[in-house]
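One structure is given below, encoded as structure tokens.
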Amino acid sequence: MGSLNIGARKDSEKQSRLREQSALGKRRRWNMNKPLLIMFLPIAIFFILFKYVPMFGFIIAFKDYNFADGMFGSPWVGFDNYRYLFQNPDTLGIIRNTLVLSALTVFVGFPFPVILAILLNEVRRSWFKRWTQTLLYLPHFLNWVIVGGLVLMMFSIETGFVNNVLERITGSAYPFLFNEGSWITIFVASGIWKGAGWSAIIYLAALTSIDPSLYEAAGMDGAGKWKQIRHITLPGLMPTIVLMFILGIGNVMDVGFDQVYVLQNAVVINVAEVISTWNFKVGLGSGQFSYATAMGLFESLIGLTLVLVVNGIARRSGRGLW
């Protein structure tokens, strides 16, 4: 009986020591991570105040909102706003334009940052690499108003550089910004030019995690650059590529207001009117906040659904986001 008591006491003491060590480890981790948590605090506050708190405003989509009664006092109308939206003949066209422009931006523009990162990673002269990176990153810091001005300078019928050259060669200018096909091409190309260099930073960071000895072993086995890229670089980048693709799919319904609004004009409005510009014109321009909120909520739900579907597909190969 005494040996049992001694054994139980030893087990109790051992568990007590383990709890103390666990508590000590947690305190140490807390002290080590405290500076990082303090730096993260402003970001968390920003997202709570400007991303999560405004979500409660989605109830406007189910109300006949007016300033006098406010968000909570305005009368409920249920799904009447959605009935109006989908009975409107322009709604399907706006959703179609949003999907087409977003899909082109994602699927056409997505490979360019990967290609740029691989090419920059293969550059061996540091001065050339630094200058190239700077020139590629620079467009990211330009506002879309400036980029829109540059596009007008390039493709304007009367004063555009491209049309001046084209007129000297063919004798006539081409309405690049007033033709639906060429407008879509310019829209996608300007987005790639502005964002590809900056997006390549993520892939360049991912390339640093690839073991250099793999390249050395492949080179000793006779593998050239293309085979090294195909069998080492691309597989090493694949988790990051899948992650960025899932995040990109989440923004398929969000083309971006600035780019479209700056580049669109009345002639190409049939392909240039998207959800974000329609919300601006209807919500702020006409004061129909309930309709604009209903369309915005619909856009968010479609984006969430696409993220869940793509992540489910990626998870089957073991590369899902969660």
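The values are calculated or read from the model by the stated rules, or taken from the named source; none is laboratory data. In this text, all values refer to a predicted model and were calculated from it rather than measured experimentally. Cβ placement follows ideal geometry from the backbone for every residue including glycine, while neighbour counts extend to all protein chains displayed. In case anyone asks, the SASA skips ligands and DNA or RNA and just uses the protein heavy atoms, side chains included. Shrake-Rupley method; radii C 1.70, N 1.55, O 1.52, S 1.80 Å.
Brief remarks on what is shown
- With respect to the conditions (1) more than 23 Å from G148 (Cβ to Cβ); (2) of a type outside the set (D, E, K, R); (3) at pLDDT 85 or above, I275 falls short on a single one, namely (1).
- Within the stretch 95-140, considering residues that are under 30 Å from S300 (Cβ atoms) and among the small types (G, A, S), the one surrounded by the fewest Cβ atoms within 10 Å (Cβ to Cβ): A103
- Restricting attention to the stretch 145-172, the residues being closer than 19 Å to N265 by Cβ, open to solvent by 40 Å² or more (accessible area, probe 1.4 Å) and touching a Leu at 6+ places or on another chain (Cβ under 9 Å) number 5.
- The helices (runs of 4 or more DSSP H) located wholly in the stretch 191-282 that include 2 or more residues which are open to solvent by 50 Å² or more (accessible area, probe 1.4 Å) occupy 212-220, 225-228, 234-250, 257-263, 269-272.
- Summed over the stretch 61-119, residues that are among the hydrophobic types (A, V, I, L, M, F, W, C), under 30 Å from I201 (Cα atoms) and either without any contact (Cβ under 8 Å) to a residue 40 or more places away in the chain or outside any helix (DSSP H, G or I) (or both) total 4.
- Among (1) touching a Ser or Thr at 6+ places or on another chain (Cβ under 8 Å); (2) open to solvent by 60 Å² or more (accessible area, probe 1.4 Å); (3) modelled with pLDDT under 85 - the single one R319 does not satisfy: (1)
- I38 vs. criteria under 22 Å from the mean Cα position of the chain (by Cα) and either surrounded by 15 or more Cβ atoms within 10 Å (Cβ to Cβ) or at pLDDT 85 or above (or both): no
- Any hit, the stretch 72-82, residues being within 30 Å of G287 (Cα to Cα), at pLDDT 90 or above, in contact with a strand residue (DSSP E or B) (Cβ under 8 Å, 6 or more places away or on another chain) and open to solvent by 80 Å² or more (accessible area, probe 1.4 Å): yes
- Flag if L138 is more than 25 Å from F257 (Cβ to Cβ) and part of a helix (DSSP H, G or I): no
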